[in-house]
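Read through the structure below, which is laid out as structure tokens, and then see the notes.
Please treat every number below as a calculation from the coordinates, not as lab data. Predicted, not measured: the structure shown is a model, and the values here were computed from it. FYI the Cβ positions are ideal-geometry reconstructions off the backbone, even for glycines, and counts take in every protein chain you see.
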Number of protein chains: 2
Amino acid sequence: MEISSLQKARYEYQPKLPAALDSAISDIRVELGDPTESVADQDQVKSLFPHSYGAPIAVFASGKGKTSQNPLRVGVILSGGQAPGGHNVITGLYDGLKKANSQSNLVGFLGGPSGLMDNDFIVFDDAKIDAFRNTGGFDIIGSGRTKIETDEQFAAALNTAKEQKLDAVVVIGGDDSNTNAALLAEYFKDNGTDIQVIGVPKTIDGDLKNEYIETSFGFDTAVKTYSELIGNIMRDANSAKKYWHFIKLMGRSASHIALEAALQTHPNVAIISEEVAEKKKSLNQIVEEIANVVRHRSDNGENFGIALIPEGLIEFIPEMKTLISELNDLLAHDEKYFATLKSFEDQAEFAVSKLSDHSAKVFSSLPRGIRQQLLLDRDPHGNVQVSLIDTEKLLIEMVGELLAQWKAQGNFSGSFKALAHFFGYEGRCAFPSNFDADYTYSLGYTAFLLIANGLTGYLSSVRNLDKPASEWVAGGIPLTMMMNMEQRHGKMKPVIRKALVELDGAPFKEFSSKRDDWAKNTRYFFPGAIQYYGPAEVCDQPTITLKLERSGK
Amino acid sequence: MEISSLQKARYEYQPKLPAALDSAISDIRVELGDPTESVADQDQVKSLFPHSYGAPIAVFASGKGKTSQNPLRVGVILSGGQAPGGHNVITGLYDGLKKANSQSNLVGFLGGPSGLMDNDFIVFDDAKIDAFRNTGGFDIIGSGRTKIETDEQFAAALNTAKEQKLDAVVVIGGDDSNTNAALLAEYFKDNGTDIQVIGVPKTIDGDLKNEYIETSFGFDTAVKTYSELIGNIMRDANSAKKYWHFIKLMGRSASHIALEAALQTHPNVAIISEEVAEKKKSLNQIVEEIANVVRHRSDNGENFGIALIPEGLIEFIPEMKTLISELNDLLAHDEKYFATLKSFEDQAEFAVSKLSDHSAKVFSSLPRGIRQQLLLDRDPHGNVQVSLIDTEKLLIEMVGELLAQWKAQGNFSGSFKALAHFFGYEGRCAFPSNFDADYTYSLGYTAFLLIANGLTGYLSSVRNLDKPASEWVAGGIPLTMMMNMEQRHGKMKPVIRKALVELDGAPFKEFSSKRDDWAKNTRYFFPGAIQYYGPAEVCDQPTITLKLERSGK
């Protein structure tokens, strides 16, 4: 296989481990704390996890321990969307297993959770592992979005685990996948087996974090890749001085990526969905706020700027959320009649006639292209596909219309030419930053230690991440500890609570203290491409979000 | 000013110079060759440049020379679109001037050529220069696209040069701007002044090159930035295994960027406009070729892929070129009547009635969105704005329709889900790669040497670029040598010949020998982010295009 010179160089990189893990396996011991409780709904969660609820927090420290060095057979799954560092979780896990006992084996299930249910697998060897060290992507075994949900699916997973004679399964995934891992751990116990399950916190979106999980892996690399591009575009905007760039950023519901990218680059506008919801802003309010920044900058002679838009924005605007919900209902209810309407105009007229007054007004105020997307682009369940809505173009169009009105009224004399971008796929498979390479390798190594210490239903945890890697603290957090009950498809389910941007958190406070200055003035910051070699202050810094959240801790 | 840690680190980078330039000014001497001729139309070009035609090629070598060390006052302009390294041309020029005589001054004209005509300027000092060393962007003095064309404009430029008491003007720009530089050099001589003009070859598009100009600056960094993103998306596609990504790349008419990006990343499809024109391909042929690759990969179970599309494609498809030309004519001719047509359907019907039969057929075969762009998005001169046509979306839609037909006929059983990207602004202002940082600094330093040796009407030239910087050869090429006569706005004008991709050149041959393999198999190559520190094979390599073109020379 031909590989790039960077990939070849990255093979030689030795990820850093926490000091306590960087010694002989026999010199690592586990310290267990007091029993734990779930973050909410304790009684219900406890009743659903009778075997695994209440386990103690585990921390690994230096000292003679009882970590098993018997041969183990462990399975691993990559679940959900790609995040930089996934390969290093696997290499860390593999290296831990092999260091303890060269007879141990790591089994990779192909294509996500379905690989576990279908027993579709490979067994890793050194050559395979070495070809993926410190690389991006999930292509080592592929990923998938199938969930283990039904009784049959749980039984199939157990069947494979027994057939494979697995001691443990490691699930690398986001909040949903780790909820799944918790259920699987409980199921395995409930069925009288000793097969352990360990989760690893993955997602570029950054929404899997809490008091004990300081960040999910991949967030660091993805947001730095987007920030590189945003910084480059800022420099272009400030050189050419003629365009506004509206940049939509991946991140699903939460705005962590948009917020961190804003802290990294200092845009003129960055919308945070959680604030929009909290302040119950309307779409027109958001449009007016942006238009005001455009006008203010134009008054200063600067007819250019940068606006960051989080992917999930639409669903956080209360009136849009209502509109989408009403559209989903009416399209489901009148599906057949709707399908007989051939022209968009007829469809739009019908929709307006069925919507509530306010929703009809909101719908009619939207540009034609967006109304078309709302009516036509539906998923297999008939629902509006919110993630496909070009929010960045919607805002450009509406801001442009408002500014044209202001111009006609003599209230705006500048020019507004805007370009749209959407960054997502560009960052999910980048070579992991040194931070993510070190963090994921440590998470994988820690997953091995949790297994070799007989624990199950835990999330691999590496903390103290704002310090050098040698000072990181490795351990495990009981998955049930992060759970609460939430409604899913009409039923109450135990799930890991998703972390949205907190408006009283340090990162948002930092942003909101600076944004007026950034709006009016040009304070662009150019992070440049991720560097893997060179001065530590260039190569080894965690995200600003992480540093701010950890400051004072 | 707050700056990023990478920017701080890059300030410390000392760009490499050719060995002959890396010594005392008095130890550099110029060697002049025989008189030169223009590449074509010698008599006409000669008659238009009586004062500057036929000058010899200049090369700088080690040895006692007559480089002036008197104080000089030099003006500099950034012209046209941004390209990484522009700042280093200025720092190299500044350092050369100051090294020879600390009393020399460098004047920066603001906002492009208009700054020279309006005498809008700053005088550089160490603090200003040091804040921009090795950075991307043109924000140090801004750029602009105004051209010096009319008699009044030439007179205004001369007036400023006299008022400023300039010894020379350095024009950093692409083919058009350097044609302008040649005219300005001639004009200054024709008006009895000794004010010199030196050009510097800039453009990310890579279309300003010839026997003596191995590459324009910025191409290296821009295409490496795009290749980083393409590689990341490839890894994502190969991990998720569910999307085709159609990626349009900047580069104006020429396909150098798409070709180099293809060589860097090994996509399944890369269209080269020059080949489309040479083989007189129709839009439907291109669509069918792509659909065949999709089908072939799907038959191998791979319902994903990457297609690279050069920005200028549309105009290289003969039937589209004809269509656009006919539309421009009819929209100009029937402008008023056309404006009375309110619905798109009426406009389209009218257009079809006026087009030639073949163009009407082509027009009608296009997706609605593209037909709208062709009819509605016109520039101030009433012309179709080809650069705004979403070629990548056009191809996705047409390939999708063809595959749906094939599916209905039982000739395709896979799935085709595609996403569109456009990369351009992401790369024009990146921190220059080490190659571009060294190359541009050397070009700026060489521009100073050309001035201090009394030369005018030259393009700064640094050659032998596939070798280490110490072996580079610096000198100057007479601008008239690169010229021929071409029709512009109905008149024959002397212009620098634009370099398109040559189908018998080594880069295209390399690509065409590999593309069938890349189409069928998954040979993705992941270059990763540009590295400024680390092993030389990662940090200091020129483009593959440059290496191939230079191999054997």
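So the values come out like this:
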item: Point-charge dipole on Cβ atoms (K/R +1, D/E -1) for the stretch A:1-136, about Cα centre, debye to 20; result: 380 debye
item: Selected from B:Phe132, B:Ser513, B:Thr391, residue furthest toward positive end of dipole (chain B; charges at beta carbon); result: B:Ser513
item: Compactness index (Cα Rg / 2.2 N^0.38 Å), the stretch A:317-388; result: 0.98
item: Cβ-Cβ FRET estimate between B:Ala40 and B:Ala404, R0 fixed at 45 Å, reported to 0.05; result: 0.40
item: Calculated FRET value between B:Lys279 and A:Tyr11, using beta carbons and R₀ = 45 Å, to 0.05; result: 0.60
item: Within chain B, percent of DSSP bridges classed antiparallel, to nearest 5; result: 40 percent
item: Selection from A:Asn328, A:Gln373, A:Leu355, by position along the positive dipole direction of the stretch A:317-388 (Cβ); result: A:Gln373
item: Distance between the stretch A:80-130 and the stretch A:256-303 - C-alpha centres, whole angstrom; result: 43 Å
item: Percent antiparallel among DSSP beta bridges (both partners in the protein assembly as shown, rounded to 5); result: 40 percent
item: Size of charge dipole - the stretch A:162-232 - debye, nearest 20, with Cβ of Lys, Arg +1 and Asp, Glu -1, no other charges; result: 200 debye
item: Three principal axis lengths of the stretch B:248-351 [C-alpha, angstrom, descending]; result: 52, 29, 22
item: Diffusion constant of chain B at 37 °C, which comes from Stokes-Einstein with the Kirkwood Cα-pair radius and 0.692 mPa s, µm²/s; result: 132 µm²/s
item: Helix-only mean residue ellipticity at 222 nm for the protein assembly as shown, each DSSP H run of n ≥ 4 adding -39500 (n - 2.57), per residue, nearest 500; result: -13000 deg cm²/dmol
item: Spin-label pair A:Asp27/B:Lys66, simplified geometry with 7 Å Cα→Cβ offset, distance in nm; result: 7.4 nm
item: Estimated dipole of the stretch A:46-198 in Debye, rounded to 20 [Cβ of Lys and Arg +1, of Asp and Glu -1, Cα centre]; result: 600 debye
item: Förster-model FRET efficiency, 30 Å R0, B:Ser353 and B:His381, C-beta, rounded to 0.05; result: 0.80
item: Trypsin sites (Lys or Arg not before Pro) within the stretch B:326-405: DSSP coil, no more than 10 neighbouring Cβ in 10 Å; result: B:Lys342
item: Lysine pairs with alpha-carbon atoms under 19 Å apart, the stretch B:317-388, spacing 8 or more or separate chains; result: 4
item: Label point distance in nm, B:Glu288-A:Asn328, each placed 7 Å from Cα along Cα→Cβ; result: 4.5 nm
item: Candidate aspartates and glutamates - alpha carbon under 13 Å from A:Lys66, same-chain residues fewer than 8 apart omitted; result: A:Asp27, A:Glu31
item: Kirkwood-based Rg to Rh ratio, the stretch B:158-285, C-alpha trace; result: 1.17
item: Dimensionless Rg ratio for the protein assembly as shown, taking C-alpha atoms and the 2.2 N^0.38 Å reference; result: 0.98
item: Farthest positive-ward along the protein assembly as shown dipole, Cα basis, beta-carbon charges - from B:Phe525, A:Ile306, A:Ala339; result: B:Phe525
item: Mean Cα-pair separation over length for the stretch B:317-388, i.e. relative contact order, pairs under 8 Å, 6 or more apart, %; result: 36 percent
item: Square roots of 5 times each gyration tensor eigenvalue, C-alpha, the stretch B:363-445, largest first, Å; result: 39, 23, 8
